[in-house]
Amino acid sequence: MPRVPIPRVPIPRAGLVAILCLLAAPASAATPGFVEDFSAGTGGFGGGSAVAQVGSGGVGGAADPYLTISNAAVGNLGAFSQGADLVGNLPADGVTGYTFWLRDTGADDALEIHVGIGTLSNFWLSFGGFMPPTGSWQQFAVDLGNQNQWVQIIGTGTFQSALASSNRILFRHDVPPLVQNPNPIAADFGLDRIQVLPAPSAAAPAISAAGRAALGVLLCAAVALELHRRTARSRAPSA
């Protein structure tokens, strides 16, 4: 049988640029190795409790800032962030857990801090609570690879699906039994240096979500410039 040629459909240059830009534009994704040290503000944390950046007294010492989460009156004590470097499709992004530092600020409170991850329709809380020391910092960690260390407090769905679609990370006080509504308290605690695990090797430094977006813009500009040059050359009169 004779071979039937398949017609080639040309893609307009503007369409090609758009396609390349879509490929270059990063989706919201957690960044292994990223550290939120609150040097630029509150890291997007908010919620029912008051949150504020304290300019000194963090893990690094007098000049190191940290985040304080507080309730002047009895209420749910906690705050969450939807920061692009902290949440996303965690298994696909290679995220295996988080480390963070806690401190019981102010008066000595009977605090038990839990980490939450997921979405408003499928949310999980770390089963073991972390007790921050009064007047000093201590590092803690949660492991996303062990479902037995987590309990579902909102919605339905699997733990893996919650990790794959996570859009918020939460730090809150609660005592068992762990349910959607935590035990209220008037207290405060400090939070510092949330690190997304695993940390990259020195040969492959992490690029933040903002950095990936900037690289995407530069790539789009370079492609558009090259296409403009080719168009100009093709239209130039021959000698």
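The values are calculated or read from the model by the stated rules, or taken from the named source; none is laboratory data. Keep in mind that what you see is a predicted model, and the values were worked out from it rather than measured. Cβ coordinates were reconstructed from backbone atoms using ideal geometry, including for glycine residues, and neighbour counts include every protein chain displayed. In case anyone asks, the SASA skips ligands and DNA or RNA and just uses the protein heavy atoms, side chains included. Shrake-Rupley method; radii C 1.70, N 1.55, O 1.52, S 1.80 Å.
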Original post:
Tally Lys/Arg at +1 and Asp/Glu at -1 over every other residue whose Cβ is under 15 Å from the Cβ of GLN139; what's the total?
Top reply: -4
Original post:
Can you run phi through the Karplus equation (6.51, -1.76, 1.60; θ = phi - 60°) for region 95-111 and list ³J(HN,Hα) in whole Hz, with x for Gly and Pro?
Top reply: 8, 10, x, 9, 10, 6, 10, 10, 8, 7, 8, x, 5, 6, 10, 7, 9
Original post:
Taking every pair of alpha-carbon atoms in region 124-176, what share in percent sits in each 10 Å bin, from 0 to the bin with the longest distance?
Top reply: 19, 52, 23, 6
**OP:** Could you tell me the largest-minus-smallest coordinate of the C-alpha atoms of region 88-144 on each of the three principal axes, in descending order and whole angstroms?
**Re:** 40, 23, 16
Subject >> Two-site FRET efficiency, VAL175 against SER56, from Cβ-Cβ distance with R₀ of 25 Å, rounded to 0.05 >> reply: 0.20
**OP:** Quote to one decimal, in nm, the extra length available between ASP108 and ASN89 on full extension: 0.36 nm per residue of separation minus the C-alpha distance between them.
**Re:** 3.1 nm
Subject >> Mean separation of Cα contacts under 8 Å (6+ apart) over length of region 85-137, as relative contact order % >> reply: 39 percent
Subject >> Distribution of pairwise C-alpha distances over region 62-125, 10 Å bins, in % >> reply: 13, 45, 32, 11, 0
Original post:
Residues of region 27-129: accessible area per residue at 1.4 Å, in Å²?
Top reply: 37 Å²
